[in-house]
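Accompanying notes for the structure given below.
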Amino acid sequence: MQANYMISDDPLSLDRIRSILTRLEDTIIFSLIERAQFAHNPKIYERGAFQELREVEFSGSWLEWFLKEIETFHAKARRYTSPDEYPFSSGLPQPVLPPLKYPTILYPNTVNVNASIQSFYTRHIVSRITRPATLLLAATKRAKGITGDAEFEDDGNYGSSATIDVEILQAISKRVHYGACIRPHVQPTMLTAFGYPGKFVSESKFRDDPAAFIPHIKSTNRDALAALITKPEVERRLLQRLRKKATLYAQDVGPDGEPLRDASIKIEVDGVVDLYESYIIPLTKEVEVRTCVPTLNLAGEPVNIIGQVEYLLQRLDGMSEEEIATLSKQTKRAS
C-alpha cells in the first residue's frame, strides 16, 4: 500500500490519516487470506536451506533473498526515501532518480523494528494462518500413499508464498512505523480509533502534554512511558473492528452478493486478531516510546528496544536544555 505525500496541502489531515490506517488494515487482512491458501512451507524461512542460493553465495533464507532482491529494485526507484517506508534488508543501492522533496513530516530518528516484525511473523503467524491448507495438503498426500514427515507442510509453492509474505511484512512494517516522529498539528484523540498507529500517535500525545512525558524520558522510564500511551478501551475497539472485518472478508459470497452459509471461511479469524493483539499493538507502542528517550541526549546510553516507547525515548534529541525546560512547563491542553 502506497501513500502520496505530493498531492495534498496537508499530509497530516484527519481524513488522510484515517484513510491510510483503514487501507492498511484491509491490506493486511486480505494479504493474510491470500497467504492462507498455501501450506506453511517452512523451508523458505530456514537460512541455508536452498542449495541454489548457496551457489550464488547467499547464506540467508529464501524469504530473505526475496526481500533483498525486491528491496534492491525498490531502493533504486527511491522507495525508501519516502518518510513512511522502512526496508528489511541492509546494503541497498542508492536511488537512480533524484529524491523527491517531501514535506517536513518526521523528526529525525533511527527506529526500525523490521527485524522483530520478520521474526514474529515467520515464527508464529505463518504456521497459524496456514494450518488449514497444511492439513488439507497432508490429507491429499496420504490419499496418494505419501505418509510420515513427507505429508506435511510443504506444497512447493515457494515463490508464491514468499511473494505474499513480502507484501504482508511491508504492510505490517508500515502499520507499526507509520507516523513516527511526525511534526504534528493533530489531536491524539482523533487517532485513537485506529489503535496506536506508530510514532505518529506518540508524537501527538507528547505534544498534547509534554510535562507528563519529559521526566520519564530523562530517566529512561520505559514502563511509565508505556503507561502514558496505553488505552485499553482503544485496543478493545480496534480488536473488535478487526474481528468483524476478518469475519466478513473471510467469507465467500454468492451471485446475489450474500455470504454463502455452508462455505468454509478462508482464514482463521482468531489468528488475525491475535496478530494485532499479541504482536502489532505491543510492538507499535514500543516504537512510540523508543522515539522519545534518545531525543534528550542526556543518558548517553544506546536505545535497544522497539516500538512507540522507542520513539518517545528519542523525542528530545537535538533540543537544548532551555527548549526542554520550556516544554516541561506545558501541561495537558484542555479538550
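The values are calculated or read from the model by the stated rules, or taken from the named source; none is laboratory data. Quick caveat, the model's predicted, so the values are computed rather than measured. Please note: Cβ atoms are built from the backbone with ideal geometry, for glycine as well, and neighbour counts cover all protein chains shown. To get the accessible areas, we keep the full protein, side chains included, count just its heavy atoms, and leave off ligands, DNA and RNA. Shrake-Rupley method; radii C 1.70, N 1.55, O 1.52, S 1.80 Å.
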Pairs Lys43/Lys231; Lys101/Lys245; Lys218/Lys332: which are spaced more than 29 Å apart, C-alpha to C-alpha?
Lys43/Lys231; Lys101/Lys245
Starting from the exponent 0.38 and prefactor 2.2 Å, build the expected Rg for the stretch 43-108 from its residue count and divide its actual Cα Rg by it.
1.38
How do the peptides 33-45, 157-169, 141-153 rank, highest first, by the average count of neighbouring beta carbon atoms within 10 Å per residue?
33-45, 157-169, 141-153
Toward the positive end of the charge dipole of the stretch 17-179, about the Cα centre and with charges on Cβ (Lys, Arg +1; Asp, Glu -1), which of Pro87, Val111, Phe38 goes farthest?
Val111
If R0 is 41 Å, what FRET efficiency do you get for Leu248 and Asp149 from their C-beta distance, rounded to 0.05?
0.65
Short to long, in 5 Å steps from zero, the percent of alpha-carbon pairs of the stretch 59-147 per bin is 3, 11, 15, 16, 15, 12, 9, 7, 5, 4, 2, 2, 0
Could you go through the stretch 117-128 in sequence order and give the Karplus-derived ³J(HN,Hα) for each residue, using 6.51 cos²θ - 1.76 cosθ + 1.60 with θ = phi - 60°, rounded to whole Hz, and x for Gly and Pro?
4, 4, 5, 5, 5, 6, 8, 10, 7, 4, 4, 6
Under 20 Å from the Cα of Lys68, which aspartates and glutamates turn up, not counting those fewer than eight places away in the same chain?
Glu46, Glu52, Glu55, Glu57, Asp84, Glu85, Asp165, Glu167
Using a probe of 1.4 angstrom, how much of the accessible area of the stretch 17-179 is carbon and sulfur, in percent?
53 percent
When N counts the residues of the stretch 17-179, how does its alpha-carbon radius of gyration compare numerically with 2.2 N^0.38 Å, as a ratio?
1.18
Output ordering of 268-280, 73-85 (per-residue mean of other Cβ within 10 Å, highest first) is 268-280, 73-85
Sorted by chain and then number, the residues having a modelled amide H within less than 5 Å of the amide H of Leu316, at least 5 places away or on another chain, are Thr295, Leu296
Regarding the stretch 222-277, what whole-number volume in Å³ per residue does the convex hull of its Cα atoms give?
82 Å³
Any idea of the accessible area per residue across the stretch 45-114, 1.4 Å probe, to the nearest Å²?
59 Å²
Rounded to the nearest 0.05, what FRET efficiency do Asp223 and Asp256 give with R0 = 56 Å and r taken as the Cβ-Cβ distance? Could you check?
0.60
